[in-house]
Amino acid sequence: MFTSRAHGVLTVFIAMSMSACGGGGGGGGTASDSQLSAPLVTLKVNQTSVVTGQTVVLSWSTSGASTCTASSGWIGTRDTSGSESATANAAGSVSYTLTCQNTSGSTARTVTITAAPAVVSGKLFAPDGATPVAGARVYAATTATLSALRPNRKANPLSGDCALPALAAIASSCTAADGSFSFNVDSVSSDTFSLVAEKGMFRLAQEVPVAVATAVGNLKLPKDVTAGAPRIALVTGNYGSIDRVLAKLGLATLNLTSGNIDVSTASFAMFSGFIQIQPGPLRYDLPDVATLFAINAGTGLPKLQEFDIIIVDSAANTTVLADATNRAALRTFVEKGGVLFVIDRAIDFIEQPMPEYLRAVGATDTSPQTPDAYYAGLEGPLGVAIDASTDDALLVPWLKGVSCLGGACVNQDNTIRMDRFDEAWIVLAGAHSVHADDVYVTTRGVVALTATTQERPLSVMFKLGQGQVIFSSYGSVFDDVVSDGLHTQERVLQYLMLAAGE
């Protein structure tokens, strides 16, 4: 049995020794032919380098032996041939010696096994296989059962810390800005273990063969719900193209000529919030947003309860919110654990069902329980560039490792280069005073308005019940020429989408 503990990968060796009464012995795996009176003994082990807790198989055979005795790592009389299992209970090296005798002499053979923790390492990427995932929890689990993830597993979503594992963990790590991770598994009970990666409401789980150096390579968060991706619903709007941002995250196929995604490849459901202002073809033929609020006859619940994340793009049709039942259903969706992600001019999807949290410029703070009028928020200036700061500990390091259209994503002073406020966008004043401590500001920047120039929140999040609400003043950039790259604020939107629910 091992008695010492050590971390890291140790040098592995096999030590063989032989002694014979009445004559000498040879080296290697068989007895020397120079002394025929001594028994021939062969002792083997199926692997000499193992992870602590793993079992090895010792096997031996003899010729001319009458008795055999085990010593060192194993003790007692053994048959002249056979096999036996041994477990490496602690890190370090242990030798197993077998000495076999006959009337003329004896022969000894020794094998040495070295045990060490498994060093598990790799990199985690988004479903596109190229976008690194920072702040993900990667761990060895006792089970990989895909139970549902719930949001709010972090006390402070901006701290840079990883959420605690949702499943029982043997050992774990938090991914760095480039998606890399490494951790030690001190002991295993089999030749495989369940490797789990969690970020926001995404989860990857797979069985990994155990080795002292367990390099799992590049891993991708899943695209499909059946493999551990969240159930996402996207409500399209008049001014946004968040579908492209989702596609570039690996959740759909984007046609760079038309600028549209192939809906059949999307791992998210789509509903139309488009308002037909003038005749012309729609980007997509989709069910209306009202479908999200329709009651499922089988469950008796609104369809929106079938999703984990609902994203509402800029200037989505708010007609559905005129119904108090629908407003209550949207609030309940969040309270029961859903994530509502709203883009700029769709702010009424937050303001109408949960008015007590956010306050747009131009709104009052005197009656936060009463919703403002529809489209009451002041629109920000078009065509401006804002150098934003962030309270999120991982956002700037992550942006430094990805590419952005137009140059570096981050300025030399570590501000975030937001240079494409092209469409109408809503300027936030902040949180209502009753929830001033409950709203987390992820990005902020100086906004020049007609009356004032001051720093404003640009994206925020808050918890409600078991769920979470995310609001972003900036959306995707609706270019006439579609690029396969992303503008800085679109990168930030990707970052927030991956973290949604933390």
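The values are calculated or read from the model by the stated rules, or taken from the named source; none is laboratory data. None of the values given here were measured: they were computed from a predicted structure. Positions of Cβ are backbone-derived with ideal geometry, glycine not excepted, and every protein chain shown enters the neighbour counts. All accessible areas refer to the heavy atoms of the entire protein, side chains included, with ligands and DNA or RNA removed. Shrake-Rupley method; radii C 1.70, N 1.55, O 1.52, S 1.80 Å.
Screening VAL492 on (1) part of a strand (DSSP E or B); (2) open to solvent by less than 10 Å² (accessible area, probe 1.4 Å) shows it passes everything except condition (1).
Looking across segment 176-190, just one residue is at pLDDT below 95, among the hydrophobic types (A, V, I, L, M, F, W, C) and open to solvent by 10 Å² or more (accessible area, probe 1.4 Å), and that is VAL188.
Where residues in segment 328-357 are part of a loop (DSSP other than H, G, I, E, B) and of a type in the set (A, V, I, L, M, F, W, C), which of them is nearest to VAL460 (Cα to Cα)? Give the steps one after another, and end with the answer.
So in segment 328-357, the residues part of a loop (DSSP other than H, G, I, E, B) come out as 336-338, 347, 352-357.
Remaining after also requiring of a type in the set (A, V, I, L, M, F, W, C): 347, 354.
Values: ILE347: 12, MET354: 15 Å.
Selected residue: ILE347.
With respect to the conditions (1) surrounded by 15 or more Cβ atoms within 10 Å (Cβ to Cβ); (2) in a loop (DSSP other than H, G, I, E, B), ASP365 lacks only one, and its number is (1).
Right, GLN35: within 25 Å of ASP191 (Cβ to Cβ) and modelled with pLDDT under 95 or not?
Numbers: within 25 Å of ASP191 (Cβ to Cβ): no; modelled with pLDDT under 95: yes.
Against the criterion (within 25 Å of ASP191 (Cβ to Cβ) and modelled with pLDDT under 95), GLN35 does not qualify.
Given the criteria outside any loop (DSSP other than H, G, I, E, B) and touching a Gly at 6+ places or on another chain (Cβ under 9 Å), does LEU321 qualify? The answer is no for LEU321.
Exactly one residue among VAL41, VAL57 is within 38 Å of the chain's Cα centre (by Cα) and modelled with pLDDT of 95 or more, and that residue is VAL57. Within segment 115-127, which residues are open to solvent by 30 Å² or more (accessible area, probe 1.4 Å) and more than 27 Å from PHE268 (Cα to Cα)? Hits for segment 115-127 are VAL119, SER121.
Quick check on PHE193: is it crowded, with 22+ Cβ neighbours inside 10 Å, more than 21 Å from LYS154 (Cα to Cα) and of a type outside the set (S, T, N, Q)? Walk me through it before giving the result.
Numbers: crowded, with 22+ Cβ neighbours inside 10 Å: yes; more than 21 Å from LYS154 (Cα to Cα): yes; of a type outside the set (S, T, N, Q): yes.
In short, yes.
Criterion first (assigned to a strand (DSSP E or B) and either β-branched (Val, Ile, Thr) or at pLDDT below 95 (or both)) does THR80 satisfy it? When the stated conditions are applied, THR80 does not pass them.
Need at least 1 residues that are of a type in the set (D, E, K, R) and either at pLDDT below 95 or in contact with a Ser or Thr (Cβ under 8 Å, 6 or more places away or on another chain) (or both) per element, so show me which strands (runs of 3 or more DSSP E) inside segment 197-262 make the cut, counting only ones lying wholly within it.
Because the criterion is at least 1 residues that are of a type in the set (D, E, K, R) and either at pLDDT below 95 or in contact with a Ser or Thr (Cβ under 8 Å, 6 or more places away or on another chain) (or both), the strands (runs of 3 or more DSSP E) in segment 197-262 that meet it are 202-209.
Annotation note: of ASP313, ASP308, the sole residue that is closer than 25 Å to ALA148 by Cα and open to solvent by less than 70 Å² (accessible area, probe 1.4 Å) is ASP308.
Looking across SER159, SER173, one residue alone is open to solvent by less than 50 Å² (accessible area, probe 1.4 Å), more than 23 Å from PRO127 (Cα to Cα) and of a type outside the set (A, V, I, L, M). It is SER159.
In segment 319-345, the residues that are within 20 Å of THR236 (Cα to Cα) reach residues that are in a helix (DSSP H, G or I) and basic (Lys, Arg) with C-beta atoms within less than 7 angstrom, at least six apart or across chains, in these pairs: LEU321/ARG327. Please indicate, with yes or no, whether at least one residue in segment 442-455 is in contact with a helix residue (DSSP H, G or I) (Cβ under 7 Å, 6 or more places away or on another chain), modelled with pLDDT under 95 and of a type in the set (Val, Ile, Thr). So far as segment 442-455 goes, no, none of its residues is in contact with a helix residue (DSSP H, G or I) (Cβ under 7 Å, 6 or more places away or on another chain), modelled with pLDDT under 95 and of a type in the set (Val, Ile, Thr). The one condition from (1) among the hydrophobic types (A, V, I, L, M, F, W, C); (2) under 30 Å from LEU498 (Cβ atoms); (3) open to solvent by less than 10 Å² (accessible area, probe 1.4 Å) that LEU98 does not meet is (2).
Tally the residues that are surrounded by fewer than 19 Cβ atoms within 10 Å (Cβ to Cβ) and either in contact with a helix residue (DSSP H, G or I) (Cβ under 7 Å, 6 or more places away or on another chain) or more than 24 Å from ASP178 (Cβ to Cβ) (or both), restricting the search to segment 196-225. Final tally of qualifying residues: 4.
Give the residue, chosen from ALA130, ALA166, that is in contact with a helix residue (DSSP H, G or I) (Cβ under 9 Å, 6 or more places away or on another chain) and surrounded by fewer than 23 Cβ atoms within 10 Å (Cβ to Cβ). Even if it seems obvious, please write down each step before you answer.
Numbers: ALA166 fails: in contact with a helix residue (DSSP H, G or I) (Cβ under 9 Å, 6 or more places away or on another chain).
Exactly one residue qualifies, and that residue is ALA130.
In the set (1) closer than 30 Å to PHE193 by Cα; (2) open to solvent by 40 Å² or more (accessible area, probe 1.4 Å), ALA88 fails one condition alone, (2).
If you check ILE242, ILE232, which single one turns out to be more than 13 Å from the chain's Cα centre (by Cα) and within 16 Å of LEU149 (Cα to Cα)? Before you say what the answer is, go through the steps one by one.
On the way: ILE242 fails: within 16 Å of LEU149 (Cα to Cα).
Exactly one of ILE242, ILE232 is more than 13 Å from the chain's Cα centre (by Cα) and within 16 Å of LEU149 (Cα to Cα), namely ILE232.
With respect to THR325, determine if the residue is open to solvent by less than 60 Å² (accessible area, probe 1.4 Å), among the hydroxyl-bearing types (Ser, Thr, Tyr) and either farther than 18 Å from PRO457 by Cα or out of contact with any Ser or Thr (no Cβ under 6 Å at 6 or more places or on another chain) (or both). No; evaluated as a whole, the condition is false for this residue.
With respect to GLY228, determine if the residue is loosely packed, with under 13 Cβ neighbours inside 10 Å and at positive phi. Please lay out each step first, then the result.
On the way: loosely packed, with under 13 Cβ neighbours inside 10 Å: no; at positive phi: yes.
Considered against the rule, which asks whether it is loosely packed, with under 13 Cβ neighbours inside 10 Å and at positive phi, GLY228 comes out as no.
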